[in-house]
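K.L.:
I have a structure I would like to understand better, so I am pasting it below and will then ask my questions one at a time.
The values are calculated or read from the model by the stated rules, or taken from the named source; none is laboratory data. Only a predicted model underlies this, so the values are computations on that prediction, with no experimental measurement involved. Cβ atoms come from the backbone with ideal geometry, glycine included; neighbour counts cover every protein chain shown.
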Amino acid sequence: MELLEGELEQIQKETEDILQHHGTERQELIPVIQEVQEKLGYLPQPAMEQIAAALNIPEVDVYSVATFYNQFRLNPPGKHQIKVCMGTACHMLGGHIILDSFERRLEINEGETTPDREFSLERVACVGCCALAPVVVVDEKVEAKVSPIRVDGILLTFEIEKKEHEMKNQEGGGQEE
Ligand code: FES
C-alpha cells in the first residue's frame, strides 16, 4: 500500500516513541505491535522493519506474528469499513457470495484496502444477528439479508455521497470543510 505524503515520517516517529517505552527483548514484540496498531490503526511495513531492528530479530518474525493473530491488520483501515459476516448462518446463506461481490466490485481481496483508502474489506465471525443472515456491517451499521444487488447499492450510495461532497467543495471555492 502506497504511503501518503508525510505518512512515513509519522509512522517512524510514532513507532520510535512506542519503542522508547519498551525494552529490547524479544518478548516485547507483541506489546509493541499492539501499541503501534492502536496508535496508527494498522501495522505499516516500515513500522515492522523498525521494530525488527530495535528488537534485533528478523523482519519475517515480526511479519509472522502480525499475520498469525487476527487482531492485527497490515493495511490501513478504509474511510468506510466493510465487514462481511462469515459465521455459520451467514456462510450457509451465501455470505461467501457477498464477500466475493465486494471483492470484485472494489477490486481488492478481503483484508485489503482500496488504493484511494475509501474502503477496507474484512471477514468477521458471527456478529450476533443470525436471523438477519447474510449480514454485512458497514461503518457500524448492520445491513440485513444482503444480496449481490444490495452490494452494488451500498457502494453506489457512498459513490453518490462522495460526488455530492466534491461538488459542494467546488461550489464553496474548493475549500475543504
Ligand atoms: S452468523 Fe452472521 S450474524 Fe451470526
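K.L.:
Here are some residues: T157, T114. Which one is more than 16 Å from the ligand (Cβ to nearest atom), of a type in the set (V, I, T) and touching a Leu at 6+ places or on another chain (Cβ under 8 Å)? Please lay out each step first, then the result.
P.N.:
Numbers: T157 fails: touching a Leu at 6+ places or on another chain (Cβ under 8 Å).
Among T157, T114, only T114 is more than 16 Å from the ligand (Cβ to nearest atom), of a type in the set (V, I, T) and touching a Leu at 6+ places or on another chain (Cβ under 8 Å).
Yes/no matrix, rows are residues, columns are (1) surrounded by fewer than 15 Cβ atoms within 10 Å (Cβ to Cβ); (2) away from the ligand (no atom under 16 Å from the Cβ); (3) under 30 Å from I154 (Cα atoms); (4) not acidic (D, E):
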{"residue": "P31", "(1), (2), (3), (4)": "yes, yes, no, yes"}
{"residue": "E38", "(1), (2), (3), (4)": "yes, yes, yes, no"}
{"residue": "L43", "(1), (2), (3), (4)": "no, yes, yes, yes"}
{"residue": "A54", "(1), (2), (3), (4)": "no, yes, no, yes"}
{"residue": "E59", "(1), (2), (3), (4)": "yes, yes, no, no"}
{"residue": "Y63", "(1), (2), (3), (4)": "no, yes, no, yes"}
{"residue": "A66", "(1), (2), (3), (4)": "no, yes, no, yes"}
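K.L.:
Sticking with this structure for a sec: Scan the range 85-113 and report the pairs whose first residue is among the polar types (S, T, N, Q) and whose second residue is away from the ligand (no atom under 12 Å from the Cβ), with Cβ atoms within less than 6 Å and a gap of 6+ or a chain change.
P.N.:
S101/P148; S101/V151; N109/E103; T113/N75; T113/P76; T113/G78; T113/S120
K.L.:
Whether any residue in the range 75-94 is over 30 Å from I149 (Cβ atoms), surrounded by fewer than 16 Cβ atoms within 10 Å (Cβ to Cβ) and at pLDDT below 95 is what I want to check.
P.N.:
Of the residues in the range 75-94, the ones over 30 Å from I149 (Cβ atoms) are none.
No, because not a single residue in the range 75-94 is over 30 Å from I149 (Cβ atoms), surrounded by fewer than 16 Cβ atoms within 10 Å (Cβ to Cβ) and at pLDDT below 95.
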